[in-house]
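Below is one structure, written out as C-alpha cells; the observations come after it.
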Amino acid sequence: MGRTREAGCVAAGVVIGAGACYCVYRLTWGRDENEKIWDDNEEDDEEESSDIVETGVQTGKGAKANAGVGAGARLQDESKVKAEVGMELQNGSDVKAEAHLGAQSGGGLEAKAKALFSTLKEQASAKASRGARLGTISGNRTLAPSLPCPGGRGGGCHPTRSGARSGSRASGKTKGRTRGKSTRTPATSWPVRRGKFNFPYKIDDILGASDLQKVLNILERSNDPFIQEIALVTLGNNAAYSFNQNAIRELGGLPIIAKLIKTKDPIIREKAYNALNNLSVNAENQGKIKTYISQVCDDTMICRLDSAVQMAGLRLLTNMTVTNHYQHLLSYSFPDFFALLFLGNYFTKIQIMKLIINFTENPAMTRELVSCKVPSELISLFNKEWDREILLNILTLFENINDNIKNEGLASSKKEFSRSSLFFLFKESGVCVKKIKALANHNDLVVKVKVLKVLTKL
C-alpha cells in the first residue's frame, strides 16, 4: 500500500510540474511580438524572451530529471518542502522542482499546490506591469470634445490616430540585432497636432463680424490641422445663418476656406467642403465659389468611394447646380456621375441622383446628358427591391429626361446616339419601360402613384 501511495504522489508531482511549466510558457515565452510598440521596448522584450528561452530549456531538462528520480527518491522532510514552496520562484526549473517535492511529501498536497500557483500569479502580475509600458506619440491629434467624430460618417475616411498604437508594427526588426533607441515619430500622411492651443470660441457659437475676422485670421495663419478643423467647423456653423454668409464673403473668407480643399488631409477637405456648402446657399457666394467647382468635382470623383469627403463634395456640387448658371462647368463629368450612381452605396446613390436631377431640370443640358455613356447595369435601379427614396428619384430622373427628349425634338435624332448612351438605355431599348410597368403593383402607394404618372406621359 505504501508503494502505491508513493507512486501516486510521484505521478501527481509530475502533473503539477508540467502544469507549472505550461503556465510559465504562456505568461512569458508565448507573448506575441507584434504587440511591441517602440524600439526601446522591443529591445527589452527580446532580452526577456532570450532569458525565458534558456530557462525553458533548463525546465525541460529538469522535468525529465525529476520524472526519473522521483520514482526511487526517498520522501523529503515536510518542513523543508514548506520552506521551499514559500520562497519566490526564480525560474522554470525551480517551479517544477518545488512542485515535485511537494507531491512527494504526501501531507498538505492541496495547500502546497495553492501556494505554488499563488506565487506564479504574483510573478505574472509583476511581469504584466513591466510589459504595460507603452510609448505615446508626442504629436497626438485628438478632436475637441464638442466636435463630432468623423470616423462614423460615410465610410470612415478618417484614420484613427492613437498614440499608443501608431505605426510601430511595420518596424520589422531582426532578432539578435542590436539597435539604439529610436526617437523618430510614426510616419503619417499629414502633420499631427503638436502642443496645445485654446481656441477662443466654441464651435457652435454665433459670432459677429469682428469675431469671424479673428477666426479667419487663425485659419489663415495656422498650419495645425487640429486648429484648422475647429476653425472650419466654427465657420461652417456660422455660415448656416444668412447674415453671416454675407459677412464671411465681405471679410474675404471664401478664398481662405477654398485654399484648404487642396490639402491632403481628408478631414480638412471635408470640413472645407461643408463650410463652402453652407456658404453656397447665397447667390453672391456662388459667384465666388464657381472658381473652385471644377477642382471640387475632380477631387470628389477620385477620392475614396463612399467616403465622408466624397459625400461632402457631392452635397456642395448639388447646391451649386440648383440654378442653371454653373451647370455647364460640370458637363464633362456626366459619365463619372452615372458610374458613381452604379458603384456607390445607398447614401451615395441618393446624393448623386439629386445632383443629376438638377441637370435634368435644365432643358439646355439634355443633349449632353443623354449622349453620355452609362453602364447598362443602371437599369437595376428600377427593381422593386429598392426603397421608396431610390425609386422616386430614379423615376423622377427618367420622367425629366423623357420630357426633355420630347420637348427638344431629340427622338428624331436617335442616330446621333450610341447604343451605350443614356438615350438608348432610357428611350430605345424598351427595358426601362418594362421595368417601370412592373412597378405599377408596388406595395408603396407613393411609388405606385409616381409610376402611373410616368406611364401616362409615355
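The values are calculated or read from the model by the stated rules, or taken from the named source; none is laboratory data. Note that the structure is a prediction, hence the values are computed from the model and not measured. Cβ sites come from the backbone with ideal geometry, for glycine too, and all protein chains shown count toward neighbours. What goes into the accessible areas is simple: the full protein's heavy atoms, side chains included, and nothing from ligands, DNA or RNA. Shrake-Rupley method; radii C 1.70, N 1.55, O 1.52, S 1.80 Å.
Structure data summary
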| read-out | value |
| --- | --- |
| Matching residues, region 410-426, being open to solvent by 40 Å² or more (accessible area, probe 1.4 Å) and either closer than 18 Å to ASN393 by Cα or among the hydrophobic types (A, V, I, L, M, F, W, C) (or both) | ALA411, PHE424 |
| Which listed residue is open to solvent by 60 Å² or more (accessible area, probe 1.4 Å), under 28 Å from LYS264 (Cβ atoms), touching a residue at least 60 places away in the same chain (Cβ under 8 Å) and basic (Lys, Arg), from ARG304, ARG315 | ARG304 |
| Selected residue (only one of ASN407, ASN402 is buried (at least 18 other Cβ atoms within 10 Å of the Cβ), more than 38 Å from the chain's Cα centre (by Cα) and modelled with pLDDT under 95) | ASN402 |
| Candidate set from region 324-349 (those that are open to solvent by less than 10 Å² (accessible area, probe 1.4 Å) and within 24 Å of the chain's Cα centre (by Cα)); member that is nearest to SER380 (Cα to Cα) | LEU341 |
| Qualifying residue in region 288-303 (condition: within 20 Å of the chain's Cα centre (by Cα), of a type in the set (Ser, Thr, Tyr) and more than 21 Å from VAL215 (Cα to Cα)) | yes |
| Which numbered condition THR234 misses (of (1) over 26 Å from PHE359 (Cα atoms); (2) open to solvent by 20 Å² or more (accessible area, probe 1.4 Å); (3) hydroxyl-bearing (Ser, Thr, Tyr); (4) free of Cβ contacts under 8 Å to residues at least 60 places away in the same chain) | (2) |
| Filtered residue count, region 241-272, keeping only those that are surrounded by fewer than 15 Cβ atoms within 10 Å (Cβ to Cβ), of a type outside the set (Phe, Trp, Tyr) and without any contact (Cβ under 8 Å) to a residue 60 or more places away in the chain | 6 |
| Top-ranked residue in region 350-365 [being of a type outside the set (A, V, I, L, M), at pLDDT 95 or above and in contact with an Asp or Glu (Cβ under 9 Å, 6 or more places away or on another chain); ranked as surrounded by the most Cβ atoms within 10 Å (Cβ to Cβ)] | PHE359 |
| Set ARG315, ARG269: member being closer than 29 Å to SER380 by Cβ and at pLDDT 95 or above | ARG315 |
